[in-house]
Amino acid sequence: MKIIKAEFVTSAVSPKQFPNQPLPEIAFIGRSNVGKSSLINSLVNRKKLVKTSATPGKTQMINFFNINDAWMLADLPGYGFAKVPPQVQKKWQVLIEDYLRERERLESVVLIVDIRRKPTELDLVMRDWLEDVELDYVVVATKSDKLSQTERKLQMNKIKKEFGGDGARTVLMYSSKNNHGRKELWNYFSSRQKKEEAESSVD
Ligand code: GTP
Ligand code: MG
């Protein structure tokens, strides 16, 4: 994917603030510090489009980015960071749920997990929730650069077992440090979009 335009659109703390551009949207979710914002920067080839941080809890609102006037990417706050006060976590959780429930133009959700770690209980809750509401999602195991090739294979098999269900679910490996997996993830989005178009022309 050649990135001609990658532009911050707006930040939202409530549904009224979600942007109106009629673009197909992709949302990035996962636990705090897993690498959501870094993944967006890597995908769109911009080092500093989205703010990232070694301290969890950096992204506190939903940030929207217009890519090539063809896609909207939504960077969501992370879940499950113990140091965020419970009332703030609750607020983020409500925001994430409102977003996922109400956002009609949402085409795919990228559920991001750390390739080195066992999925947390919240990751599995999120997976079940996405299944329930029948949103399309792809699981991305990021930070692959942190493991050797043998370890990567081992971890991917485990993550596929937890998330891949009967094999119908796509699980991809990624590294925002060296951009491995970038092409595969864009291919996934493009194939989803073709599928949507085919489905809507049948309706
Ligand atoms: P919150 O907004 O706080 O929920 O975090 P986030 O999920 O957006 O994570 P962010 O992208 O800010 O990254 C967290 C830390 O992980 C930063 O120090 C990144 O540099 C690092 N990181 C993210 N992705 C990768 C990766 O693929 N490889 C390596 N080595 N480090 C990564
Ligand atoms: Mg972030």
(request) Return the FRET efficiency for the residue pair residue 88, residue 179: r is the Cβ-Cβ distance, R0 is 35 Å, and the value is rounded to the nearest 0.05. (result) 0.60
(message) Show me the trypsin sites (Lys or Arg not before Pro) within region 28-115 that DSSP assigns to loop and that have at most 15 other Cβ atoms within 10 Å of their Cβ.
(response) 46, 47, 48, 51, 83, 105
(message) Could you work out the percent of alpha carbon pairs in region 10-71 separated by over 12 Å, rounded to a whole number?
(response) 70 percent
(message) Ignoring GluC sites (Glu not before Pro) that are buried or in helix or strand per DSSP, and keeping those with at most 10 other beta carbon atoms within 10 Å, what is the longest stretch of the chain between them?
(response) 1-103
(message) Could you report the chain's accessible area per residue, 1.4 Å probe, as an integer in Å²?
(response) 55 Å²
(message) Kirkwood Rh over alpha-carbon pairs of region 90-148, then Stokes-Einstein at 10 °C and 1.306 mPa s: what D in µm² s⁻¹, rounded to an integer?
(response) 125 µm²/s
(request) Would you mind classifying region 1-113 by shape? Square roots of the alpha carbon gyration tensor eigenvalues, ordered a ≥ b ≥ c; an a/c under 1.5 is rounded, otherwise it is prolate if a/b is larger than b/c and oblate if not. (result) oblate
(message) What percent of all Cα-Cα pairs in region 41-175 falls into each 10 Å bin, going from 0 up to the bin containing the maximum distance?
(response) 10, 38, 40, 11, 0
(message) Run the numbers for residue 125 and residue 157: contour at 0.36 nm per residue of separation, minus the present Cα-Cα distance, in nm.
(response) 9.5 nm
(request) Pop out the carbon and sulfur fraction of the accessible area of the chain as a percent, whole number, probe 1.4 Å. (result) 49 percent
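The values are calculated or read from the model by the stated rules, or taken from the named source; none is laboratory data. Here the structure is a predicted model, which is why all the values come from computation and not from measurement. Don't worry about glycine lacking a Cβ; one is built from the backbone with ideal geometry, like all the others, and counts go over all protein chains shown. Areas reflect the complete protein model, heavy atoms only, side chains present, ligands, DNA and RNA absent. Shrake-Rupley method; radii C 1.70, N 1.55, O 1.52, S 1.80 Å.
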